[in-house]
1. Viscosity 1.002 mPa s, temperature 20 °C: what is the translational diffusion coefficient of segment 66-121 from Stokes-Einstein with a Kirkwood Rh over Cα pairs, rounded to a whole number of µm²/s?
2. Order the peptides 71-83, 52-64, 16-28 from the highest to the lowest mean number of other Cβ atoms within 10 Å of their residues.
3. What ³J(HN,Hα) values, in whole Hz, does the Karplus curve 6.51 cos²θ - 1.76 cosθ + 1.60 give for segment 63-80 when θ = phi - 60°, with x put for Gly and Pro?
4. Using the C-alpha atoms of the chain, what convex hull volume per residue, in cubic angstrom, is computed?
5. Å³ per residue of the Cα convex hull, for segment 41-82?
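A short reminder: the numbers here are calculations on the coordinates, not readings from a lab. Remember, predicted model here, so these are calculated numbers, not experimental data. Cβ atoms come from the backbone with ideal geometry, glycine included; neighbour counts cover every protein chain shown.
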Amino acid sequence: MTVDASVSRTSYPSSSRTYLADGRGVAWTALAPNGFRLAIDAELVAQRVPPAVVRRARLTEPVEPVDFWRRWTQAEVLAKLLDVPILLWVRTHRLVAPTELDASVALRTVLYDDLVITFGLAREGAAD
């Protein structure tokens, strides 16, 4: 995994990538097994939690930032893996992973330096 301002589609063409509010990118260079997809999302732990997203996700305030960003990155990764727009995901599932995906999707969320990062792996067709 690389966290750096140089991360781009050009510099890491075969990596799963995400971009941070401070201008850095995160590239996850991993090979997906045949029949699987990979996705990554990361957020700055210290960044402000957007009130509009808190309302849209129907969360109760106050929201603890690390918990919010953990849930947000998990939702982003699930949306990426399942080809669902993130705002539709939030409207439908809030910031909760549906239990019926347990067998077809694996998520791992970690705190890394100043980031919350979620890595995801899903079987092709997991959304079907």
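1. 188
2. Descending packing order for the listed peptides: 71-83, 16-28, 52-64.
3. With the stated coefficients, segment 63-80 comes to 9, 6, x, 4, 5, 4, 5, 4, 5, 5, 5, 5, 5, 4, 5, 4, 4, 5 Hz.
4. 107
5. 66
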